[in-house]
Every structure is written in structure tokens, then in C-alpha cells.
């Protein structure tokens, strides 16, 4: 189990994580979601004592990571797949980790076989593709047979077979009673994998709930009906005190009434139905709805931003300050990058 209480992290005057409090419980897969810059990676790094919190605590089975003896036997983590010495073979990389944590040499071959890298065990990791590096990182996380596992973007670079494999692996690990905490931007996979969700935005906790409740609370659910006798269907629904909205193509949308009740009502009045379908938003739609005000980095649809008269797109207006270290006529850094650049100068 992982417990966070009031976890806060500042980088200078930049608040990256803002008093996070939640618990990651064993026996289920907990998904960790948030827009880019929400503080997910910083939070996971603090769980592993790679970053010190400004305030608050995080404990793994009641202890700080630094207090764990042979920590790989307690918690396994994949944060950065390419964080491997390129000159070492896959087997030697895992052997070094095993020897530093009192893990038997035989376990190296076991996890290499588990992740499908047995045939390249003696090859240097610098020649690995991103997908192979991901598998090696997962092998390292599994090396100590830990009860707690952290995965940051585990499907990144994997082919469809690999994505299917890691999805089932995480479910199986949770079914064994382990604590599985996974961060991903791939909403379709998260919807298939996670049982519980923790969502943050701008460093703050926004949701800590089951997958089902998250979608229900942050999206609209309704029933779509379509009949060749639309007007008579509308009259039947109106008589029953049910409000329906025509949306084109002969379809009606009804909120707040179960599909089985609507089907029974149509049958009672001998109304033919060409469609009776409950509509539920996807995880992606619910996530976008909840985090719309917390997105830090906004992209655009490709339409050019109109330049001011007489100015090129990269020319400063007279009111704009010239940042230290930037040449005249160059785009000016803003936000964190600007602060970093000013500190350098």
C-alpha cells in the first residue's frame, strides 16, 4: 500500500504538487491521470525518494522508501525505460540490480523470459528499440518479486501484442493482491486496465474514485431511441411524463430513464423500435470534461495565428520585454523556461 499525506513540492516559486493526499490500495489496478505538467512524474519520483517533498509524507507499507532494506524486494518501478547503461547487456543490467538487492541470480533469467527478452539477453541495451527498452524496464520492476509496483507510461513503444501483454500482466499482479499504480496518457488502455482512478490537475487532487463512478460523475449518460413512428413515440413518452429531445436522423435522446423501462413502454404501445441504446461517455471524454480548466499546455488545430499588422510572427511588440539570453527577433521564452533562463544569466 502507498499512502500520501499532504505531499507538496515546489521548484523555486513553481508549485508542482499541491498537498496531495490519497491511498493506493492492494488488489486493484489504480490509474494515475492528469494533463501534461499536472505533477504526475514528480509525485512518482517523490514516492521513490528521487525528489524530496517540500512538505508532506509518502510511505510504502508504512515506511519511507529510504528506510526499506533491499527496496527492489518491496517496490518495483518503471519511470524511464531508457535509464540503462547502454554498454551493458540486458542480463548484466538486471544482474547488477539483483546483486545490489540480495536477489538470486536465477531470478534474472526468470524475468527476462517473463517479458520476452530471453533471446536478446546478451545483447547490449544501446541497440534496443523503445519497445524492447520498455520490456527491460518492466523486467527490472519485477526483479525483486515486489508487492508494490509503479509504472509510468508502460505501454509506450510497445506493439499491439505487447500492449495486450502488459495490460494482462498488471491485472494479474493486482489479482495476486499486489499494489499496482500506473500512469498513462493512453485513455483507451487505462479504461481497459484500471479499476480505480486518481486524477490530478495543476498539482491538486481532482478525483479519487472508481472507474465507473468517475465516468458517471463527469459525463452525461442517456438513452437513444429511434422509431419509424417518431411522433407517436414522442406522444407516448410525453404522456408518461418523460422528456425526449429530437436530435436528427429520427433519433430521440432521453436522460434519467433506464433503457429497459423505455423498451417496455414502447412494447406496451406496440411501437416498433429501430434503436434502443444506452449511451455512456468514454473515459477520455469524462477526463477532458473534468480537467478542461487544468490544462497547462494548449495546442491548436493548425490554423495560423494572425500576425499584427507590420510585424512578423516572431517579432516582439513594443510592449514585450526582451528576455535575457535571447537574441532580438527570436521567440521569447515564457513560464518555467524563462525563469530557468533568467537564473542562468
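Values in this text are rule-based calculations from the coordinates and carry no lab data. Only a predicted model underlies this, so the values are computations on that prediction, with no experimental measurement involved. Using ideal geometry, Cβ is built from the backbone for each residue, glycine included, and neighbour counts are taken over all protein chains shown.
Residue separation of residue 82 and residue 49 scaled by 0.36 nm, minus their Cα-Cα distance, works out to 9.9 nm of gained length.
Which of rounded, prolate or oblate describes the stretch 40-155 when judged by the alpha-carbon gyration tensor and an a/c cut-off of 1.5? Prolate, since a/c reaches 1.5 and a/b exceeds b/c. Here r is the Cβ-Cβ distance between residue 267 and residue 164 and R0 is 51 Å; the resulting FRET efficiency, rounded to 0.05, is 0.80. Using the Cβ-Cβ distance between residue 274 and residue 100 with R0 set to 56 Å, the FRET efficiency works out to roughly 0.30. Model label points for residue 10 and residue 130, set 7 angstrom from Cα along the Cα-to-Cβ axis, are 3.6 nm apart. By DSSP, the beta bridges lying fully in the stretch 2-217 are antiparallel in about 55 percent of cases. Extension gain, residue 255 to residue 231, is 6.8 nm, computed as 0.36 nm per intervening residue step minus the present C-alpha separation.
Label the stretch 222-279 by shape, choosing from rounded, prolate and oblate, from the square roots a ≥ b ≥ c of the eigenvalues of the Cα gyration tensor; if a/c is under 1.5 it is rounded, and otherwise prolate applies when a/b is larger than b/c, oblate when it is not.
rounded
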